[in-house]
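Below: the structure, in structure tokens.
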Amino acid sequence: MTSTRSAAPRCAALVGPYLSGKTTLLESLLFAAGATDRKGNVRDGTAVGVTSAEAKLRQMSTEIAVAGCTFLGDRWVFLDCPGSVEFAADSMAGAMVADVAVVVCEPDPGKAVALGPLLKRLDEAGIPHMLFVNKIDTLGQDGLRIRDLVQALQAVSARPLVLREVPIREGGQITGYVDLVSERSYQYKPHAASTVVPMPDTVKDREASARQALLEALADFDDELLAKLLDEVPPEKAEVYGQLTKDLERDLIVPVFFGSAENDNGIRRLLKALRHEGPAPQAAAERLGIGEDVAVAAQVFRTLHAPHSGKLNFARVFRGTVADGMTLGGERVSGLYQMQGSEQQKIAQAAAGDVVALGRMAGVGTGALLTDAGPAARSPLWPEPETPVYGLALQAENRNDEVKLSAALHKLLDEDPSLRFDQNADTGELVLWGQGDIHLQVALDRLRGKYNLPVRGRPPQVAYKETIRKGCAQHSRFKRQTGGHGQFADVHIEVSPLPRGSGFAFADKIVGGAIPRQFIPAVEAGVREGLASGPLGFPVVDVAVTLTNGQFHAVDSSEQAFRTAGRQAITEALTKCEPALLEPVMSVAIACPTEFTAKVQRLVSGRRGQILGYDLRPGWPGWDEVRATMPQSEIHDMILELRSSTQGVGTFAFAFDHLAELNGRLADKAVSQH
């Protein structure tokens, strides 16, 4: 067997959908390599990949976990990435710095669609990846075959899937496999290495057919191999292994393996495939645009604000040697650590290929490329954060914590760039945005646990407005005598509606000095104050106000008096102008696999949306993009229903479009809840 073994440490990212068993696979890999003497599990929080209180509480990964081992003399680092679609940014961050990504999935063709977005992102980034079908012990209970599963998975992969082994079955159960290159047969042993066995006669025909399919797939990328197949000359096994290695590194093929992490079946086979066929770190460095013109380079892929050790930047070293105390990216490395789950081991230096945590580098964030040649800069090839689709309005339970909350949120965003927060200009609420409810609840748990900041989250208020349906004239006089100089102002205004989206217009038709010119801006200011909250309790828009006449007193008139008179006049006038409630309507673009388009259209209609049309999603074969307008009030939790209707892969983007009049019970409800 040819080998691409490198003296440098190798790195593999474990990615895949939620519940596919990535953290269990990590435990099995560490156990098989002898890094642990017993396996932990996710359920009781003893797994190496469960590194935070939030992950233990939910029994799911909520951040990248780093763990290493040595297998057949090679140092390996595994990045256990979250599977929930709400933490997809973390998965891609881990895959970006890895030599190869192991995509873990379940043996269920019905769940294949969930892999589509992940496989596309890996292909777009040029990241070599292989599939590991986990829980293979459950396949066959419903009559399904490996070929059925591969066919379903191929439908969501732009790269050809290359089956690397075929199963051996006994009594309907998968009890081993045949490697399609070496043509050796292995029998599974519970929690132990598989043993070599003679190839069963019942498998020989399937093995020959599958091996031929493997060779033909590889021949698509190599003319010499194609010529041998056409001449019916069997290629040497070393040649096949070499072609697999070359094609995987170039992200031309996706090798498919299977096994059971729970039972430790197929794990050593996976480790050997990674060792012999996985790319060397140099390939990942080139993919990230890290040239040989720098002596030292490290790519940051995760940021953590730890309670005791302070800020840590998880990075992979690609060039040179990183040492504790050196200057990197314009900042001093104040602590260098090797991570094993939640455990830290302080080290003096790290070589190319190593994955380490860099201590107390205040100005460094996720995505930064650190070199010894200048300040840190975000890698131009690093993926941009996903557009937020879910928000919660935050309120500190203790009002004295408001200042602390802002500082803590900045640290959260430093850890997780896919979060965002802003102060809503219309409602005054502090809104935290993210990828879904779990994503934001994890963020709130971190605020409570890590920063001792109890925070309540609730749906953000909708920025309703109001307008008028008809115009009117209004006279208002403000007169007050309090001893000495009094207050006097008299104004006549005309109020009229404007077309939707016009905002506010003010004009004056004062002639003959009925109101001195210096007081007219005060009238406008008073009118604006009155429009800040109309009869329904919301800001008033699309209104024109004209100052037509008035009176003043040479001694008692002032800017404040005319300001008050203007506010009184518009407040009294609005009640006569048939106020109407306006709700914000958003333009929405919803992306989903074509098979779910009809469901998405029903979802839009059920949320008072108006479908404008749908078309093929550019660059996404088999996907549609539905365009619609929807009330903002219907969008808040739409991502939850959308994902439920599309096996977790549907997404959307939205932007303000216009204001529309809202009537009836919905309007009454909005006013009563304000």
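The values are calculated or read from the model by the stated rules, or taken from the named source; none is laboratory data. None of these values were measured; they are calculated from a predicted model. Neighbour counts run over all protein chains shown; Cβ positions are idealised from the backbone, glycine included. For accessibility, only protein heavy atoms count, side chains too; no ligands or nucleic acids. Shrake-Rupley method; radii C 1.70, N 1.55, O 1.52, S 1.80 Å.
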ask   = Tell me, how many Å apart are the Cα centres for the range 224-265 and for the range 519-592?
value = 74
task = At 1.4 Å probe size, with every protein chain present, just tell me what the per residue accessible area of the chain comes to in Å².
result = 43
Distance from the range 278-300 to the range 609-674 (C-alpha centre basis), Å = 42
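Go ahead and estimate [θ] at 222 nm for the chain from helices alone: -39,500 (n - 2.57) per DSSP H run with n ≥ 4, summed, over the residue count, rounded to 500.
-8500 deg cm²/dmol
When you have a sec, figure out the Kirkwood radius of the range 131-239 from all distinct Cα pair distances and drop it here in Å to one decimal?
Averaging 1/r across every pair of different Cα atoms and inverting gives 15.3 Å.
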ask   = Can you run phi through the Karplus equation (6.51, -1.76, 1.60; θ = phi - 60°) for the range 446-458 and list ³J(HN,Hα) in whole Hz, with x for Gly and Pro?
value = 5, 4, 6, x, 7, 10, 6, 10, x, 10, 9, x, 9
ask   = Near Lys599, which lysines are there with a Cα under 27 Å away, not counting those fewer than 8 places off in the same chain?
value = Lys111, Lys120
request  = Compare the Cα positions of Thr202, Gln173, Ala152 along the charge dipole of the range 136-227 (+1 at Cβ of Lys, Arg; -1 at Cβ of Asp, Glu; about the Cα centre) and return the one farthest towards the positive end.
outcome  = Gln173
inquiry  = Rounded to the nearest 20 debye, what is the charge dipole size of the range 321-391 about its Cα centre when +1 sits on each Lys and Arg Cβ and -1 on each Asp and Glu Cβ?
reply    = 160
remark   = Per the Cα gyration tensor, the range 69-172 corresponds to an equivalent ellipsoid with semi-axes, largest first in Å, of 25, 18, 13
query = Ordered by residue, what ³J(HN,Hα) values in Hz, to whole numbers, does the range 533-538 give under the Karplus form 6.51 cos²θ - 1.76 cosθ + 1.60, where θ = phi - 60° and Gly and Pro are x?
reply = 8, x, x, 8, x, 10
note = Between the Cα axis of helix 201-219 and the main Cα principal axis of the chain, the angle (0 to 90°, nearest 10) is 60
key: Point-to-point label distance, Leu226-Asn400, nm (Cα→Cβ direction, 7 Å offset)   = 7.6
query = Using Cα pairs under 8 angstrom and six or more residues apart, how large is the relative contact order of the range 89-245, in percent?
reply = 15
query = Rg(Cα) of the range 1-118 divided by 2.2 N^0.38 Å?
reply = 1.06
request  = Any lysines with Cα under 30 Å of the Lys479 Cα? List them, leaving off those in the same chain fewer than 8 positions away.
outcome  = Lys470, Lys509, Lys576
remark   = Carbon/sulfur accessible area of the chain, % of total, 1.4 Å probe, equals 50
remark   = Whole-percent tail of the Cα-Cα distance distribution for the range 484-631, cut at 23 Å, equals 54
query = Counting pairs of alpha carbon atoms under 8 Å apart in space and at least six apart in sequence, what relative contact order in percent does the range 226-298 give?
reply = 25
Built amide H within the under 5 Å cut-off of Lys311, gap 5+ = Ala306, Arg360
key: lysines with Cα under 16 Å of Lys465, excluding same-chain neighbours fewer than 8 positions away   = Lys669
query = When only Cα pairs under 8 Å and 6 or more residues apart are kept, what is the percent relative contact order across the range 378-464?
reply = 40
remark   = Checking the range 196-251 for GluC sites (Glu not before Pro) in a loop per DSSP with at most 16 other beta-carbon atoms within 10 Å yields Glu232, Glu236
request  = May I ask for the angle, rounded to the nearest 10°, between helix 22-32 and the longest principal axis of the chain, with both axes built from Cα atoms and the value confined to 0 to 90°?
outcome  = 30
query = Taking the Cα atoms only, what angle lies between the long axis of helix 267-277 and the longest principal axis of the chain, rounded to 10 degrees?
reply = 90
ask   = So, in Å, what gap is there between the alpha-carbon centers of the range 111-156 and the range 451-477?
value = 49
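Could you give the semi-axes, largest first, of the ellipsoid that matches the chain, computed as the square roots of 5 times the alpha carbon gyration tensor eigenvalues and rounded to whole Å?
63, 29, 21
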